[in-house]
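The values are calculated or read from the model by the stated rules, or taken from the named source; none is laboratory data. All values derive from a computational prediction rather than experimental measurement. Here Cβ is always computed from backbone atoms with ideal geometry, including for glycine, and neighbour counts include all displayed protein chains. Heads up: the accessible areas ignore ligands, DNA and RNA and are worked out on the full protein's heavy atoms, side chains in. Shrake-Rupley method; radii C 1.70, N 1.55, O 1.52, S 1.80 Å.
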Amino acid sequence: MMFGFSLAYFLVILDTTVLTIALPDLRASLGGSLAGQQWAVNAYTVAFAASLLVGGAVADRYGAARIFKAGVVAFGAISLLSAAAPHLGVLVGLRALLGVAGALCTGGSLGLLPQLFPDPAARARATGLWAAITGTALAAGPLLGGLLVDLYGWRAVFLLNPPLALISLLAMRRVSSPRGHRGIDWRVQALACAFLGLVAQALIGPSVLAGVAAVAVLAALVPVERRSHAPALPGGLLAATWPELLAGTVANFAFSGALFVLTLLLQDTRHLDPLAAGLAFLPLTLPMTVNPLLTGRLVARYGPRPPILCGLTLLATGLAGVALTDALALWLVVMGFGLSFVLPALMAGMVNSAPPGTAGTAGGVLNAFRQAGATLGVAVMGVVGRPLLAAAVLTALTCLCYAAAAWRARTAALTMRVS
């Protein structure tokens with residue numbers, strides 16, 4: 001069972017990065033501007049991020065296993081249609097639908113974790129294994145994408161998904177989950193989707209009109225969320241977990257933005273073919289394949305905060321190294337270790353602290369913030385000067401902010417014990 005839902009999440013996360021390496025071949029095949037290429041990547045991450053909240057809520061309401069299986073079926077079918085896309089506009093639309101299907105898979109898999117592993121320590125170790133499999137997808141996207149594009153072109157990127165989705169579905173065919181009682185406010189979910197999409201359009205365009213519309217949607221979202229019987233953010237969740245949400249957002253902002261910038265550098269400036277560019281990212285892949293297993297054990301023993309602080313420090317160091325030196329392989333290894341500490345610890349902490357019956361929603365909130373960060377990373381780092389150095393500084397500041405929040409929480413806990 002662990003293999004089944006990890007494989008599905010592997011596919012979901014793989015699709016956040018696998019198309020990046022195929023952009024030059026996609027441009028040659030379908031044409032389009034730089035903004036159009038960014039939307040070929042961002043249509044998936046925008047829809048995925050915006051739908052993660054509703055994906056988690058739907059999983060908690062209708063049963064995690066049922067929603068997971070529906071998402072896997074949709075993901076495989078839409079991938080087939082994406083492989084046959086006749087022009088860039090159709091591909092962008094299908095990528096958005098693929099993001100919604102990925103959100104259903106994610107919400108279902110996160111809802112299944114507490115069900116399959118009720119003990120928190122065992123759940124932390126299982127999350128480490130899950131992250132080892134899915135973290136491989138995050139970093140292996142450029143390598144696998146480069147291999148497929150080099151052999152068969154960009155359409156092969158999508159043909160990989162259907163057979164693996166079928167394997168995942170067969171592995172999970174006997175798993176079931178009870179329905180929950182938490183309601184869903186579709187007005188809130190629709191406004192959240194609209195807000196994130198407009199923000200991304202404002203940054204990618206750039207578009208003043210989209211920015212104004214985003215502010216207007218946010219102004220409508222806030223009072224509706226406050227009055228809702230089933231808010232997208234459960235009461236107290238944002239206040240209690242904002243440091244983790246900040247860390248996840250910045251980590252994905254830095255990683256996805258760096259991946260976009262480095263891919264263009266390797267192929268457009270250094271003139272590497274897709275396979276060679278993918279192989280250049282191999283040092284990033286290896287730590288994310290192995291180290292989450294260690295992270296899971298560290299979280300089970302010490303809690304999530306020490307691995308998160310260590311990971312943010314390493315990620316900032318790796319980004320600075322890539323920006324300031326030519327030793328790309330060395331600093332990609334450092335970045336890989338940083339991400340493999342941060343991401344599993346964040347997920348374990350969010351799922352473990354979620355109230356009963358809301359694990360899918362809590363995980364969806366974290367992943368929504370993470371994917372929002374990834375979307376903004378691709379949009380912003382393609383247009384700012386010295387983007388990798390700027391990402392390193394932002395990550396370092398986030399590390400300091402998280403350390404301060406962790407110290408305050410520790411001090412408050414000690415004060416309560418003494419009193």
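Of the residues Pro178, Ala126, Val157, the one whose Cα sits farthest toward the positive end of the charge dipole of segment 69-194, with +1 on the Cβ of Lys and Arg and -1 on the Cβ of Asp and Glu, is Pro178. With θ taken as phi - 60° and the Karplus curve 6.51 cos²θ - 1.76 cosθ + 1.60 applied, the whole-hertz 3J(HN,Hα) list for segment 270-285 is 8, 6, 7, 6, x, 5, 5, 5, x, 5, 5, 8, 4, x, 6, 6 Hz, x standing for glycine and proline. The three principal axes of the Cα atoms in segment 72-213 give end-to-end lengths of 48, 44, 24 Å, sorted in falling order.
Every Cα-Cα pair in segment 64-109 was counted, and those over 14 Å apart are 46% of them.
Segment 259-303 and segment 171-200 have Cα centres separated by 30 Å.
The mean of 1/r over all pairs of different alpha-carbon atoms in segment 256-315, once inverted, gives a Kirkwood hydrodynamic radius of 13.6 Å.
The packing ranking of peptides 279-286, 112-119, 305-312, 152-159, highest mean first, is 305-312, 279-286, 152-159, 112-119, where packing means the average number of other beta carbon atoms within 10 angstrom of each residue. Across the chain, Cα pairs under 8 Å and at least six residues apart give a relative contact order of 26 percent. Excluding ligands, DNA and RNA, the accessible surface per residue across the chain is 39 Å² with a 1.4 Å probe. Rg then Dmax, both in Å and based on the Cα atoms of segment 1-73: 15.3, 45. If eta is 0.692 mPa s and T is 37 °C, what Stokes-Einstein diffusion coefficient results for segment 290-344, Kirkwood Rh from Cα pairs, in µm²/s? In µm²/s, the coefficient rounds to 294.
Built from the Cα atoms of the chain, the convex hull projects on average onto 19.1 nm², one quarter of its surface area. Binning the alpha carbon pair distances of segment 1-127 at 10 angstrom intervals from zero yields the distribution 13, 41, 28, 13, 4, 0, expressed in whole percent. Calculated from DSSP H runs of 4 or more alone, at -39500 (n - 2.57) each and per residue, what is the 222 nm mean residue ellipticity of the chain, nearest 500? Value at 222 nm, helices only: -28500 deg cm²/dmol. Peptides 402-408, 99-105, 341-347 ranked from most to least packed, by the mean per-residue count of other Cβ atoms within 10 Å: 341-347, 99-105, 402-408. Could you give the semi-axes, largest first, of the ellipsoid that matches segment 181-309, computed as the square roots of 5 times the alpha carbon gyration tensor eigenvalues and rounded to whole Å? For segment 181-309, the ellipsoid semi-axes come out as 34, 27, 11 Å. Across the accessible surface of the chain, with the other protein chains kept in place and a 1.4 Å probe, carbon and sulfur atoms take up 71 percent. Only one residue of Ala254, Gln267, Ser6 has its Cα farthest out toward the positive end of the dipole of the chain, where Lys and Arg carry +1 and Asp and Glu -1 on Cβ, and that residue is Ser6.
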